[in-house]
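One structure below.
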Amino acid sequence: MPRLLTRAAAPPQRLRVGLFGGSFNPPHEGHRHASLIALRRLNLDAVWWLVTPGNPLKDPRGLAPLAQRLKAAVDIENHPRIHVTTLESELGTRFTADTLRVLNERFPAINFVWIMGADNLASIHKWRDWQTIFRTMPIVVVARPGYAMKALASPAAKLFAASRLDPDDAELLPFMAPPAWTYLDERLDPTSSTAIRARGLWPVGGA
């Protein structure tokens, strides 16, 4: 069963927790790869995968049922400090900005960091209340193949350029007041949910 986290699961000392949200349609080694980079470079205590009910920017017709995506995420994470959750469903939030705000309120003893790929940095200006996301919690961006130029030249990167932390100091990010972000350019993982679906390797509604 998924290790769904609740308020009671958070110990009194301040933990450093990365939040990695997405449709996970399907989850793959690229998600795990980015999580492991964040765990190591930011010295996080844990990463929580937030498997969302749906992405407001994507066509829901190609989205596998939440239970299917949840099970697949649990099967692939395979790490004691990566925890799969359906917190957005539990909280009743639809947009990332709202989810992050509520999690800060619900877990005040945790230092959260939002984790996203460079592909998301390139397009986050299309998200609802995207500037609020930057001002709600620190952000770590993990490099993705083919997105470095687009990401670092994006409206978000330009607007918050003064808040960018040198990657050599990434371990400080969980303790910084937002806006604060860093870009980690490590070994790239080319795995893509879109490519997996295109090859027919993710049967929607399957086991």
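The values are calculated or read from the model by the stated rules, or taken from the named source; none is laboratory data. What you see is a predicted model; the values in this text were computed from it and never measured. Virtual Cβ from ideal backbone geometry, glycine too; neighbours counted across all protein chains shown.
Take the conditions (1) among the hydrophobic types (A, V, I, L, M, F, W, C); (2) out of contact with any Pro (no Cβ under 6 Å at 6 or more places or on another chain); (3) modelled with pLDDT under 95; (4) part of a loop (DSSP other than H, G, I, E, B); ALA195 misses just one of them, which is (4). Of the residues making up segment 118-145, those that are under 18 Å from VAL47 (Cβ atoms) and in contact with a His (Cβ under 9 Å, 6 or more places away or on another chain) number 1. Has segment 85-92 got any residue that is crowded, with 19+ Cβ neighbours inside 10 Å and within 18 Å of PHE160 (Cα to Cα)? Checked against the condition, which is being crowded, with 19+ Cβ neighbours inside 10 Å and within 18 Å of PHE160 (Cα to Cα), segment 85-92 yields no hits at all. Quick check: is even one residue across segment 148-165 over 18 Å from SER123 (Cα atoms), loosely packed, with under 15 Cβ neighbours inside 10 Å and either at pLDDT 95 or above or not β-branched (Val, Ile, Thr) (or both)? Scanning segment 148-165 turns up at least one residue that is over 18 Å from SER123 (Cα atoms), loosely packed, with under 15 Cβ neighbours inside 10 Å and either at pLDDT 95 or above or not β-branched (Val, Ile, Thr) (or both). Residue count for segment 1-31, restricted to those that are touching a Ser or Thr at 6+ places or on another chain (Cβ under 8 Å), at pLDDT below 85 and not aliphatic (A, V, I, L, M): 2.
Looking across segment 149-169, the residues that are of a type in the set (A, V, I, L, M, F, W, C), assigned to a helix (DSSP H, G or I) and over 30 Å from ALA72 (Cα atoms) come down to MET149, LEU152, ALA156, ALA157, LEU159, ALA161, ALA162.
Within the option set ALA118, ALA109, being touching a residue at least 12 places away in the same chain (Cβ under 8 Å), touching a Lys or Arg at 6+ places or on another chain (Cβ under 6 Å) and closer than 14 Å to TRP181 by Cα holds for one residue only, ALA118.
Would you pick out the residues in segment 19-70 that are of a type in the set (D, E, K, R), in a helix (DSSP H, G or I) and surrounded by 16 or more Cβ atoms within 10 Å (Cβ to Cβ)?
So in segment 19-70, the residues of a type in the set (D, E, K, R) come out as 29, 32, 40-41, 45, 58-59, 61, 69.
Keeping just the survivors that are in a helix (DSSP H, G or I) gives 29, 32, 40-41, 61, 69.
If the condition is that a residue be of a type in the set (D, E, K, R), in a helix (DSSP H, G or I) and surrounded by 16 or more Cβ atoms within 10 Å (Cβ to Cβ), then ARG32, ARG41, ARG69 are the ones that fit.
If only residues of segment 78-104 that are touching a strand residue (DSSP E or B) at 6+ places or on another chain (Cβ under 6 Å) and without any contact (Cβ under 8 Å) to a residue 60 or more places away in the chain are counted, the one that is nearest to GLU29 (Cα to Cα) is ILE82. Just one of (1) touching a residue at least 60 places away in the same chain (Cβ under 8 Å); (2) more than 21 Å from VAL47 (Cβ to Cβ) fails for ALA156. It is (1).
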